[in-house]
1. Could you tell me what fraction of 2.2 N^0.38 Å the Cα radius of gyration of the chain comes to, as a two-decimal ratio?
2. What distance in nm separates the two pseudo spin-label positions at LYS139 and PHE23, each 7 Å out from Cα along the beta-carbon direction?
3. For the stretch 53-143, just say rounded, prolate or oblate: build the C-alpha gyration tensor, square-root its eigenvalues into a ≥ b ≥ c, call rounded for a/c under 1.5, and beyond that prolate if a/b exceeds b/c, oblate if not.
4. As an exercise, use a Förster radius of 45 Å and the Cβ-Cβ distance of PHE166 and SER108 to find the FRET efficiency, rounded to the nearest 0.05.
5. Please compute the contact order of the stretch 2-104 in relative form: average sequence separation of alpha-carbon pairs under 8 Å and at least six residues apart, divided by the residue count, as a percent.
6. Once you list every other residue whose beta carbon is under 14 Å from the beta carbon of GLU195, what net charge do they have if Lys and Arg are +1 and Asp and Glu are -1?
7. Assuming R0 = 41 Å, can you tell me the calculated FRET efficiency for the pair LYS47 and GLU189, based on Cβ-Cβ distance, to the nearest 0.05?
8. If contacts are Cα pairs under 8 angstrom and at least 6 residues apart, what is the relative contact order of the stretch 7-221 in percent?
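Each reported figure results from applying straightforward, stated rules to the coordinates on display, with no laboratory input. Since this is a predicted model, take the numbers as computed values, not measurements. When we count neighbours, we look across all protein chains shown, and the Cβ atoms used for this are built from the backbone with ideal geometry, even at glycine.
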Amino acid sequence: MTLSKSPEKIRSLFNGIAEKYDFMNNLISLGLHRKIKKISAETLDIKPHSKVLDACCGTGDMADIIKKIQPLADVTGCDFSEKMLEIAKAKIHNVKFIYSDVSNLEFSDNNFDFVTMAFGLRNIANPEKVLNEIYRVLKPGGEFLHLDFGRKNLLNGIFDIEAPLFAKMFYGNKSPYEYLVKSKRVFPEPDELIEDFEKCGFKFKKKKDFLCGAISVQIMKK
Ligand SMILES: C[S@@+](CC[C@H](N)C(=O)[O-])C[C@H]1O[C@@H](n2cnc3c(N)ncnc32)[C@H](O)[C@@H]1O
């Protein structure tokens, strides 16, 4: 299955759903997505004054969770959807949110102790370019946390039915969520992803499964 992920299409899709993004995320995941993000972020040893970039930050949940785990960390969120960023900025006041395309980050080399990315890479047409950028901006020894859907198992399949259905009922338009289901289907499973990360120079540190592997986090080291 081929799926167009042109930056224009992806930006416009997220600008379009931004206003209801948090509501739909909470509904579709039954509130679990924040718990999963929290448990994932807690696996990182974020210290006071660690520099953290949350790439593809969307409405800012991961950045917010990291700041709550380590209030003295220096956290930046970046995204290229203006509307998602507007919501992040309105909700969260102790994180810097900036407009930036993750395939061309504006940061200097060896800048961050941690880069996190939750449910972002799946929406990117050229993931290798983005992974190279993340590697570049991480300090040597820095860590990349990648969280997304995992194995294509039964629970994952339930989501494929539930998401467009809830979107039609509560959002009034199921097409962005049909894209989401398609993007999951063509996205590599965690073990394949780890190989892709390793090809970009990262070393595997650990992984953790949630919901029987339907969601998975991988921690890679520079
Ligand atoms: C599914 S949302 C995830 C948002 C957030 N991380 C979360 O977990 O809720 C994907 C986000 O990636 C952003 N995105 C996709 N491609 C991007 C790119 N090339 N540069 C920056 N942001 C991008 C979208 O604008 C969107 O906000």
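1. 0.94
2. So the label points at LYS139 and PHE23 sit 4.2 nm apart.
3. oblate
4. Values: r = 42 Å, r/R0 = 0.94.
Efficiency, rounded to the nearest 0.05: 0.60.
5. Working: 148 pairs, mean separation 27.1, N = 103.
Across the stretch 2-104, relative contact order equals 26 percent.
6. Working: positive: LYS199, LYS203, LYS207; negative: GLU128, GLU189, ASP191, GLU192, ASP196, GLU198.
After counting each charged neighbour, the total is -3.
7. That gives a FRET efficiency of 0.80.
8. 19
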